[in-house]
Structure formats: structure tokens, C-alpha cells
Amino acid sequence: MLFNPDIERLPLPQLRALQNARLKEQVQYVYQRVPFYQQKFDALGINPATFRGLEDLPQLGFTKKTDFRDNYPFGLFAVPQQEVARLHCSSGTTGKATVVGYTAEDLGIFAEVVARSLAAAGCRPGMKMQNAYGYGLFTGGLGIHYGAEKLGLTVIPVSGGSTDRQLQLLQDFRPEIICATPSYAQVLAEEVKRRSIPLEAINLRYAVLGAEPWSEAIRHQVQQGLKVEATNIYGLSEIIGPGVSQEDADERGTGSYIWEDHFYPEVVDRETGEPVAEGEYGVLVLTTLTKKAMPILRYWTGDITTIYYEHSYKRTHVKMAPIRGRADDMLIIRGVNFFPTQVEDIISTLDHVSPCYQVVASRQGSMDEVEISVEVDEQLMRQLGLETLTEEVVQQHECLQKLKGAFAKKIKDNIGLSMKVTLLGCGQLPRSEGGKLSRVKDLRNL
Ligand code: ADP
Ligand code: K
């Protein structure tokens, strides 16, 4: 089901024309209303009256996270405060919170793109959805909530955390849909198993997961553990919140549609800022085409991905690959660029390792060291009659030593770096408490 088939299947020439018209309007709008953009355009010699649209877009430079900070709290707003219907803050993965605002019209668009996303994820009017995204200042909870209502779902606004209650409601209310961060969905899947809750006792069919990078290995775990089809939802506060892009349940693994009638995507080289060819990886840059309270031109998301069109897909909108990490998440270890998600790709090729891992980078003298901790799966732990693992225990079991060696070798072969591997038992690594889980610790510059 397509929530808005006319737009989602709009032929590309018409989609481009719509984007062009909207962009020109948005450029004039910010020039008149936001001093930050006015000064910027003047400095760059951009005249909104002669701005030609998409072809001139690269001339506008970038808007960065620091611009939000420098204009904290309301400096980037384009409307008087009375016209702002809601404020949100980003969850602050990096540094001080970012404030964003919405007019009533913006909130309507937010609900529309989330409704489209949920429909693409498999949700249908009349289904029940347990929303385990955090409610509050973070855009996730309320963003999903209003989109779900717009689609015609029955929303159960549980918010994140409270695993006992989540599991109880899954059994009592029998929702077909769960929305959560992937790391929290993993926790729910693990708890269902640990508490021996029979899969018939829950009625889930779809999981809509986002807010942090995740992998096919995590998808597999959640799909098996909760008996769902799990799809990826992506977004960021600076642009609107969740619902910038969404994976279709029938096209899982082929990337997520970007709702490009509202958000115009570009991918640029992380060093030079120049556009890269279709299909190449770089930093995703997004421009809002319809926002009123806080229009943002060429936002440097820091997220590394690639975008591509494929005519066989259900919709005409461009797709983006899963986020490989943030440009600022990338670790440079002994001169080698390395994304922690590469570890996940390797884990998915190994037997008896679960997709729970932690990467810790530290400095020993002048040498960068990386330690990767992974959990051995339950099956092998049970076979060995073990509850927890320590270095000593691993030493005593040949199969664990082999597993550790195989993992270390794959890392060396695929990433080109030697890393210390630590094997742990199920449950020994930190779990999400309802929100995002930080799997990467860089202790080098502390
Ligand atoms: P922050 O996390 O910076 O506080 P937000 O809460 O707005 O701000 O989160 C936006 C960021 O979260 C994105 O730029 C991206 O890095 C990450 N993110 C959101 N959804 C996904 C997803 N589906 N896959 C990977 N990363 C995601
Ligand atoms: K996020």
C-alpha cells in the first residue's frame, strides 16, 4: 500500500519540476526571513531573484551542526514565535542540544512523511502500533505518533524502556507493529526468548527500526526473535525527524526511499564537499523544500551513505543505502579509516557470535589500539555449559580460541587492522535501556 501514490509514483521529470519550483521558493523565503541565510547569500554573491533552482544548489555552501549551535536557540527560525506550534531538540549524540521548530503546516508534513513511511513498512489502517520510541524533546516518539494516527493506526504510546511493561502490553494488547531503536528491539527479542514467552503469545508482524545505524545481522535477530518483518526508518531533527527515508517491507535490503518531494538529497565527498557520482559513498546533504518554521538548505548530516535510482522499484523516489556511520563516527586507526559497522558485517559471517558488540579505541603510548568485544551465542554457551566468559575460560576451550582467532583474522583481512578480540557470554555487554546504544567508545583524546 502506498499512502500517497500520486506523489510516491510521480514520474521523475515532474518530480524534478516540483523540486525546482519549491527550491526557488524556499531560497527566496529564507533570504527574506533568516538573517543567517541572508548574510550567507550576500557573502556568496547569491541573488535569490536569479537563482535557477537545483542546478545552482551547490553554490549555496553547507549548513552545519555548528550553525545551529551558533544561532541557539531560535536564530535560524523563519517565523515569529507565535507561529511555532512545537519545539524539539535533537538527542544530542554529539555536543550541545540542537533546537528545532515546526509550524502547524510543518507538523502536517511531518505526519504525512511518517504515514508514508509506516505504510511502506507494511502498516495498514486499523492495525495497532506499540511506539517504543522515546516521547519528549526527542523527535522520535511524537514524530512517529502523529504519523501513525494519520495513517489510521491505533497508537499505544509506551515510550522507550520499561521492558516488563513492553512485554506485557505486547501480549495483552497484541499490537501488529512495534517501533523502536534497533538496539532496543534486540533487547525485546532477547527477553522474549529468555522469559520463554511463546511467539504465539505476541501478535507482531512489523518492526520499524531507526535512530541509529544497524545491520543485516541485527535485522535477522529481530525478525527471528519477534517474528516480524523489520524495516529501516531514517531521519534527523534538523530536517524534520524520523520519516526522511524509509525502507519498503517488500524491498528489504535494497535501501530506503527518501521522500524527495520534501527533502532534496545530495551525496558529497567528505573531504572536498563536491558531489559524488550516483552509487558512490559520501556525506548525505539534505535540503528542506517545504519547511516553514525552520527551512534548512544543504544540511551536512555527517551520515555516510549513497543514493541511487532503480526503475523496477515500486516508487519513483531515490533510495539511500543504510547509513555506514557518521563522518565524525569514522575512526582512523593507525592511519586506516574504519567504520565500526564494518565489524557487524564480519560478525554476520561467523557462526556462534551474536550481533552484540562493542568497539573501544584507546592509545597505548603513541599506538592506537582497538578492542572488539563480542558475545558468543547461547547455543554454544549451553553446549559448553558456561554462563559467562573470561580470558581464562576462553584459554581452556579450544573451540573458543579458534573462534576468537577466526574473528581476529577476518578483521585483519577485511579491514586491514589487527585488533584485540574479547569473547564474552550472552548478556555481558551493555544493552539499550530503551533508547540508542553507543557501541563505540573512543578513549584516545580524553
Ligand atoms: P542526534 O542523534 O544527533 O542527537 P537526532 O536524534 O536527530 O540527532 O538523530 C539523527 C541522527 O541519527 C542521524 O543524523 C543519523 O546519524 C542517526 N540515525 C537516525 N536514523 C538512522 C538510521 N535508520 N540508521 C542510521 N542512523 C540513523
Ligand atoms: K538519532
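The values are calculated or read from the model by the stated rules, or taken from the named source; none is laboratory data. Just so it is clear, the model here is predicted, and its values are computed rather than measured. No Cβ is skipped: glycine too gets one built from the backbone with ideal geometry, and neighbour counts run over all protein chains shown. Heavy atoms of the whole protein, side chains included, go into the accessibility calculation; ligands, DNA and RNA do not. Shrake-Rupley method; radii C 1.70, N 1.55, O 1.52, S 1.80 Å.
Worth a mention:
- Seen from residue 279, the other residues with C-beta closer than 12 Å to its C-beta sum to a net charge of -2, counting Lys and Arg as +1 and Asp and Glu as -1.
- DSSP beta bridges in the chain [antiparallel fraction, %, rounded to 5]: 65 percent
- The chain - percent relative contact order, Cα under 8 Å, separation 6 or more: 14 percent
- Close amide H pairs (under 5 Å, H built 1.01 Å from N) link residue 229 with 206, 207, residues at least 5 positions away or on another chain.
- Accessible surface area normalised per residue over region 331-442 is 51 Å², counting heavy atoms of protein chains with a 1.4 Å rolling probe.
- Summed over qualifying helices (DSSP H, 4 residues or more, each -39500 (n - 2.57)) and divided by its residue number, the chain shows a 222 nm mean residue ellipticity of -10000 deg cm²/dmol.
- Accessible area of region 331-442 belonging to carbon and sulfur atoms, whole % at 1.4 Å probe: 48 percent
- Of the cross-linked pairs 150/227; 24/150; 24/292; 227/420; 65/420, those separated by over 23 Å at the C-alpha level are 150/227; 24/150; 227/420; 65/420.
- The angle between the Cα long axis of helix 398-415 and the longest principal axis of the Cα atoms of the chain comes to about 30 degrees, rounded to the nearest 10.
- Neighbourhood charge, 11 Å Cβ-Cβ cut-off, centred on residue 442 and excluding it, Lys, Arg +1 and Asp, Glu -1: 0
- Percentage relative contact order, region 27-114, counting C-alpha pairs under 8 Å, at least six apart: 23 percent
- Remark: the chain carries a charge dipole of roughly 460 debye about the Cα centre, counting +1 on each Lys and Arg Cβ and -1 on each Asp and Glu Cβ.
- Shape of region 331-442, Cα gyration tensor, a/c cut at 1.5: prolate
- Computed over region 358-446: relative contact order in percent, which uses C-alpha pairs under 8 Å that are six or more apart: 46 percent
- Excluding ligands, DNA and RNA, the accessible surface per residue across region 1-327 is 39 Å² with a 1.4 Å probe.
- Working note: Karplus 6.51/-1.76/1.60 with θ = phi - 60° gives region 196-211 the couplings 6, 6, x, 4, 5, 6, 10, 10, 5, 10, 9, 10, 10, 10, x, 5 Hz, where Gly and Pro are set to x.
- With Cα atoms defining each centre, region 33-83 and region 305-369 are spaced 32 Å apart in the structure.
- Antiparallel content of DSSP bridges confined to region 331-442, in %, to 5: 60 percent
- Within straight-line reach of residue 404, meaning a Cα separation under 19 Å, sit the following aspartates and glutamates at least 8 residues removed in sequence or on another chain: 344, 345, 351, 369, 371, 375, 377, 378, 387, 391, 392, 413.
- Other residues with beta-carbon under 13 Å from the beta-carbon of residue 393 carry, at +1 per Lys or Arg and -1 per Asp or Glu, a net charge of -3.
- For region 1-327: rounded, prolate or oblate by the Cα gyration tensor [a/c cutoff 1.5]: prolate
- Apportionment of accessible area to carbon and sulfur, region 1-327, percent (1.4 Å): 49 percent
- Selected from 67, 413, 329 as most flexible by GNM, with the chain as the system and alpha-carbon contacts under 10 Å: 413
- A straight line joining the Cα centroids of region 192-263 and region 137-160 runs 15 Å.
- Selection of trypsin sites (Lys or Arg not before Pro), region 174-275, meeting DSSP coil and at most 13 other Cβ within 10 Å: 195
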